[in-house]
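Following: one structure in structure tokens, then a few remarks.
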Amino acid sequence: MGSSIVVNNYGSFDVTFKSGKGSTLTDVNGKKYIDFLAGIAVNALGHNYKPLVKAISKQAAKQIHVCNYFLSDTGDSYAKELLNATGFDGVYFGNSGAEANEAAIKLARKYGQLNGGAGRKTIVTLENSFHGRTLATIKATGQEKFHPECFAPYPQGFKTIAANDWSAINSAFDSTTAAFMVECVQGEGGVNLLDPKWVQAASDAARRAGAIVIADEVQTGMGRTGSLLASEQLQFNPEVVTLAKGIAGGVPMGAMLFRGKANGVFQAGDHQSTFGGNPLACAAAKVVLKTLRSPDFLAKVTQKGDFMRSTIKGWSIPFVQDVRGLGLMTGVQVDKDPVAIEKACLNAGLLFSTAGSNVLRLVPPLNISKKEMVKGLEILKKVLETC
């Protein structure tokens, strides 16, 4: 079933999917799986969501791509809706989270040069963070396992501090700091939560040093944590926010939002993307945004996440050390091999991924039904009880 011609960079499992509906996927053999992975938090509205399918089909018949020397009506309309919903001044569109973070790093470096001279270049990030797979974003990532020697030399100008470490704030930022870049929840690092008071204090310290603050919301943004942006819950008011994953419901898209001091930094020619903000992606993104802003949708995301975590905690599985998260972003820390559990659940008909060194990461579609959620949790419980 597997393919030897597609490079297996992900260590992919030997399962090939052919279709999906709601939060259920079907493989080529007809076996069904409850989807607690959602394409790694990408399929925000699940599979075969009718309004999304209709919008993509309609836009494809009208116009798929326009050179960025010009505007598209769909792209212009979406940009205005997104900025109105988030309260930012402007947006840059790319195709992925790594691209959005690259754009943010470049913007921060230019801002630093304009507001402190050539020496203001350093981007401060957090231990256990993850910001992408390009050379710059992988260096920004605060995990040494992502910095193998084979890809060296890496770009310089990144500094890492420990999250929630109050003493680190005192020496983290100085006249060389261009930006403080932080994930609102550390997804790849293990679904690690940040202390809102600490993030606020660190952000204030960065600004006093002359830097801007970047929220990497590639995974946490667009409703994943129960608010449109997770930074709204942490209340540290970043000048820049990066988005991707669920922003267009599965169509490749990334975005960098900016406001305040970060507004007006980029000028023509500073940063570009051939496919960024194409009408097809923007048509899909319009549906996602409209759905997220519908009455009670985000409140239900919070309720579903609370239900998921309270249910898992209620099982009292001895080797489950912690259950944490925000909205429909849950980490289950285990004192057993998480990959073995992942494989056992896959065989039993449940999809999720691992994160960090010992965490099961559960990020189902935001509109998952109660029936599908309960069925998926039943599979997880059965597997955990037999491990």
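The values are calculated or read from the model by the stated rules, or taken from the named source; none is laboratory data. Quantities reported herein were computed from a predicted structural model and do not represent experimental measurements. Using ideal geometry, Cβ is built from the backbone for each residue, glycine included, and neighbour counts are taken over all protein chains shown. Ligands, DNA and RNA are stripped out before the accessible areas are found, and what is left, the full protein with its side chains, is counted by its heavy atoms. Shrake-Rupley method; radii C 1.70, N 1.55, O 1.52, S 1.80 Å.
Residue count for the range 189-218, restricted to those that are within 17 Å of V240 (Cα to Cα), among the polar types (S, T, N, Q) and surrounded by fewer than 24 Cβ atoms within 10 Å (Cβ to Cβ): 1. For the range 165-188, the count of residues that are under 20 Å from the mean Cα position of the chain (by Cα), in contact (Cβ under 8 Å) with a residue 40 or more places away in the chain and open to solvent by 40 Å² or more (accessible area, probe 1.4 Å) is nonzero. Check the range 362-381 and report whether any residue there is within 27 Å of F130 (Cα to Cα) and surrounded by fewer than 18 Cβ atoms within 10 Å (Cβ to Cβ). Checked against the condition, which is being within 27 Å of F130 (Cα to Cα) and surrounded by fewer than 18 Cβ atoms within 10 Å (Cβ to Cβ), the range 362-381 yields no hits at all.
Residues in the range 121-152 that are in contact with a Phe, Trp or Tyr (Cβ under 7 Å, 6 or more places away or on another chain), part of a helix (DSSP H, G or I) and buried (at least 24 other Cβ atoms within 10 Å of the Cβ): K139, A140. A118 meets all of the listed conditions (1) open to solvent by 30 Å² or more (accessible area, probe 1.4 Å); (2) part of a loop (DSSP other than H, G, I, E, B); (3) at pLDDT 95 or above but one, namely (3). K336 meets all of the listed conditions (1) under 25 Å from Q186 (Cβ atoms); (2) in contact with a Lys or Arg (Cβ under 7 Å, 6 or more places away or on another chain); (3) open to solvent by 40 Å² or more (accessible area, probe 1.4 Å) but one, namely (2).
Close Cβ contacts (under 6 Å, 6 or more residues apart or on different chains) running from residues in the range 104-133 that are touching a residue at least 40 places away in the same chain (Cβ under 8 Å) to residues that are part of a helix (DSSP H, G or I) and open to solvent by 40 Å² or more (accessible area, probe 1.4 Å) comprise K121/R109. If the condition is being under 18 Å from the mean Cα position of the chain (by Cα), buried (at least 22 other Cβ atoms within 10 Å of the Cβ) and part of a helix (DSSP H, G or I), then the range 219-271 contributes S231, L234, K245, G246, I247, A248. The residues of the range 279-331 that are closer than 29 Å to K58 by Cα, touching a Ser or Thr at 6+ places or on another chain (Cβ under 9 Å) and open to solvent by 20 Å² or more (accessible area, probe 1.4 Å), listed by number, are L280, K286, F297, L298.
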